[in-house]
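Trainee: Sending over a structure as structure tokens; questions will come in a sec.
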Amino acid sequence: MWLRYTTDPTFTATNSTVLAMANTSGTNVYTANIPKTVGTNGQTVRYYVFSSGSSTNNPALATPSSADADLRTITFNNNGGSNFSYVVAAPLPVTYTSWLGERRGGEAQLEWTTGSEEDAELFEVQRSVDGGRNWSSVGEVAAMNRSTGADYEFTDYGVPGTELQYRLKQIDFDGAFHFSDIITIAAADNAQALSVWPQPAPVGAIQLRAAGFAGHTASLYSITGRMLVTFPLTGEVQPLPAADLPKGIYLLRINGERGLTQRILID
């Protein structure tokens, strides 16, 4: 018994390969393995079985003898429409066995373990503070690229007290990338409606969110009480609109009856 396979849409004597099928069990069950290197990701491999041929490429088929006539199921010239196929699915460069995160004070500690790695260059750690609608990169970790997997950790400093989502963007050496599952870290027990992060940070890097205060205004004051700027609040993540401020301590206050005040440190 023989197995013929090809990645070409049609079978010909020049584009296909024939494998001998072994009957190792002695029960007329024949097996053969198409090499896993045949085909690329997404490509279709077609194959069929017949009972006459040779185990070399481009075989010349012989007329079956009377001894094997009852075993002849499919011929090269007329396979009866009984072609079979499968689509090659290349394994992901990285598989994960764990992906965890927890809040530790003003930091988020992230840890993940891979089961296997192949052609992996790095992991880009991404964070969302609005339920996964928008993502920002908070750091990168070089991949160890071990076939048996590896352990990784990353600390995200100065995170806001609101609920956080994290995901990994795993990037290959060829530029291809794949996203991990999303994990969620609950809001801090004492999280306020007004969150500012990172802290401390240069003024251009500071973000804020005043949940439930869309339509209100906020004002930024110096430590001596001088008002520096007033701006509208969106209720979503927005930048602190204050440029060219020197290093120091400032106070951000939401205006109105339910006003809140948050200290800001610019370095």
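Each value in this text was obtained by applying a stated rule to the coordinates, not by laboratory testing. All values derive from a computational prediction rather than experimental measurement. Cβ placement follows ideal geometry from the backbone for every residue including glycine, while neighbour counts extend to all protein chains displayed.
Trainee: With only Lys, Arg, Asp and Glu charged, each at its Cβ (+1 for the first two, -1 for the last two), find how big the charge dipole of the range 111-246 is about the Cα centre; round to the nearest 20 debye.
Mentor: 880 debye
Trainee: Order these by the 10 Å Cβ neighbour count, fewest first: TYR47, TYR5, TYR96. Could the numbers behind the result be given before it?
Mentor: Values: TYR47 19, TYR5 22, TYR96 16.
Listed from fewest to most nearby Cβ atoms, that is TYR96, TYR47, TYR5.
Trainee: Using Cβ contacts closer than 10 Å as the measure, can you line up HIS178, HIS216 from fewest to most? Please report the intermediate quantities before stating the final value.
Mentor: On the way: HIS178 13, HIS216 16.
Least to most surrounded, the residues fall as HIS178, HIS216.
Trainee: Separate question: I'm a student and want to see the number: the projected area of the Cα convex hull of the range 94-185, averaged over all directions, in nm². Don't skip to the answer; put the middle values down first.
Mentor: Details: hull surface 21.4 nm².
Directional mean of the projected Cα hull area for the range 94-185 stands at 5.3 nm².
Trainee: Can I ask one more? Tell me which trypsin sites (Lys or Arg not before Pro) from the range 163-264 have a DSSP coil assignment and no more than 14 other beta carbons within 10 Å of their own. Don't jump to the answer; show the numbers that get you there.
Mentor: Numbers: sites: ARG167, LYS169, ARG209, ARG226, LYS247, ARG253, ARG258, ARG263; in loops: ARG226, LYS247, ARG258.
Hits after loop and neighbour filter: ARG226, LYS247, ARG258.
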